[in-house]
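What follows is a single structure, written as structure tokens, with notes after it.
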Amino acid sequence: MRLATVAIGGERHIGVVERDDVRIVSRHPEIPADMVELIEGGTPLLDRLREILAVDGGSLPCLPLGEATLLAPIPRPRKNVFAVGLNYFRHVQEGAGYRGEEAKRPDWPVFFSKAPTTVIGPGAPIPRDSRVSVDWDWEVELGVVIGQGGRDIPAEQARSHIFGYTIINDVSVRDLQRRHGGQFFRGKSIDGTCPMGPWIVTADEIAPDQSLRLSLAVNDVVKQDGETSQMIFPVHDIIAHLSLGMTLEPGDVIATGTPDGVGYTRTPPEFLQPGDVVEARISGVGVLRNQVVEKES
Ligand code: MG
């Protein structure tokens, strides 16, 4: 199932995307309008939603997808978006090459986070604020949405804690990322730097060993093209490491790292400019499209 958060007349709703339409399932009294609430309902609520769709889905309102305003599937995560750095070796290599260093595979996953105020939806402008920086870069990533919460989750059980998958563009402000003591948080948490969407594909639609192709294009020029099978730490290992001693909750989101092809390591370096259209694409999930717009002061 493809679950979207839809804005209708100032209200938020949950829609199920069916080909070119989105069915507004939260019009049904048993289905919440908030995605995290739906996720908290667990398998019983998801099964009930499937039953409602099968039995009287036709009675629920439907919008053409092209006319619906989709928000980020989780418009305001209740805590920071977790993120993994340096999780694809060719991306490790391009960064090391830029610094004139030798590339080293990390022994442990590198974690950082993005503030909830970074999250924007599909189609929303990326508000490039040139007073803050002009070094705005792109990073396509598979987003994992936690379903059942837990701590100390073994990798072998991680799959049962995944609600679904989405696309994240971990927009990164490189000079801020570097200059604050080498930790990433500052340069990763500027407002509007976490485009997310266009929806969540539920975990049952992606086989555990399935490699997903992820790519990113700027103005139709492909910049990144990789496979999730190239992750140094696969999704299940990420969940095991992250949940060690720290409780993951329903609706938590993890950005799982980006393949090579980012802008700052290019010769000459490339950064996002006002007007640029950025398309992040993951097979089996969809396309997340955002345009860069200069933020008005
Ligand atoms: Mg990243």
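The values are calculated or read from the model by the stated rules, or taken from the named source; none is laboratory data. All figures in this text were calculated on a predicted structure; none of them were measured in a lab. With ideal geometry, Cβ positions are generated from the backbone for all residues, glycine too; neighbour counts draw on all protein chains shown. The protein model used for the area step is the full one, side chains on, heavy atoms only, and it has no ligands, DNA or RNA in it. Shrake-Rupley method; radii C 1.70, N 1.55, O 1.52, S 1.80 Å.
Give the number of residues within region 182-201 that are surrounded by fewer than 19 Cβ atoms within 10 Å (Cβ to Cβ) and not in a helix (DSSP H, G or I).
Number satisfying all stated conditions: 3.
Residue-by-condition table, conditions (1) outside any loop (DSSP other than H, G, I, E, B); (2) out of contact with any Ser or Thr (no Cβ under 8 Å at 6 or more places or on another chain):
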site: 222; (1), (2): yes, no
site: 236; (1), (2): yes, yes
site: 250; (1), (2): no, yes
site: 258; (1), (2): no, yes
site: 263; (1), (2): no, yes
site: 270; (1), (2): no, yes
site: 273; (1), (2): no, yes
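Being modelled with pLDDT under 95, under 21 Å from residue 162 (Cβ atoms) and of a type in the set (A, V, I, L, M, F, W, C) narrows it down to one of 280, 207, so name that one.
When all the criteria are applied, what remains is 207.
Kindly establish whether residue 52 is at pLDDT 95 or above and touching a His at 6+ places or on another chain (Cβ under 7 Å).
So residue 52 fits the description; yes.
Output the qualifying pairs, or none if there are none: Cβ atoms under 8 angstrom, residues six or more apart or on different chains, first residue in region 137-152 and more than 20 Å from residue 200 (Cα to Cα), second residue within 16 Å of the ligand (Cβ to nearest atom) and among the aromatic types (Phe, Trp, Tyr).
Matching pairs, first to second residue: 137/264; 137/271.
Given 119, 140, 110, 145, which one is within 12 Å of the ligand (Cβ to nearest atom), crowded, with 17+ Cβ neighbours inside 10 Å and of a type in the set (A, V, I, L, M)?
None of the others qualify; the one that does is 140.
Hey, could you check region 154-181 for residues that are surrounded by fewer than 21 Cβ atoms within 10 Å (Cβ to Cβ) and more than 20 Å from residue 233 (Cβ to Cβ) and say which is nearest to the ligand (Cβ to nearest atom)?
Ranking the candidates gives 174 first.
Residues in region 17-49 that are surrounded by 15 or more Cβ atoms within 10 Å (Cβ to Cβ) and either in a helix (DSSP H, G or I) or of a type in the set (Asp, Glu) (or both): how many?
Total satisfying the criteria: 14.
Mind checking which residues of region 78-107 are part of a loop (DSSP other than H, G, I, E, B) and within 16 Å of the ligand (Cβ to nearest atom)?
Answer for region 78-107, where residues must be part of a loop (DSSP other than H, G, I, E, B) and within 16 Å of the ligand (Cβ to nearest atom): 80, 86, 87, 106.
Could you list, in sequence order, the residues of region 60-71 that are open to solvent by 90 Å² or more (accessible area, probe 1.4 Å) and not charged (D, E, K, R)?
Selection gives nothing.
I'd like to check something: does region 165-177 contain any residue that is without any contact (Cβ under 8 Å) to a residue 40 or more places away in the chain and at negative phi?
yes
Condition first: hydrophobic (A, V, I, L, M, F, W, C) and either over 18 Å from residue 88 (Cα atoms) or away from the ligand (no atom under 16 Å from the Cβ) (or both). Now tell me which residues in region 182-211 satisfy that.
185, 190, 194, 196, 199, 200, 201, 203, 206, 207
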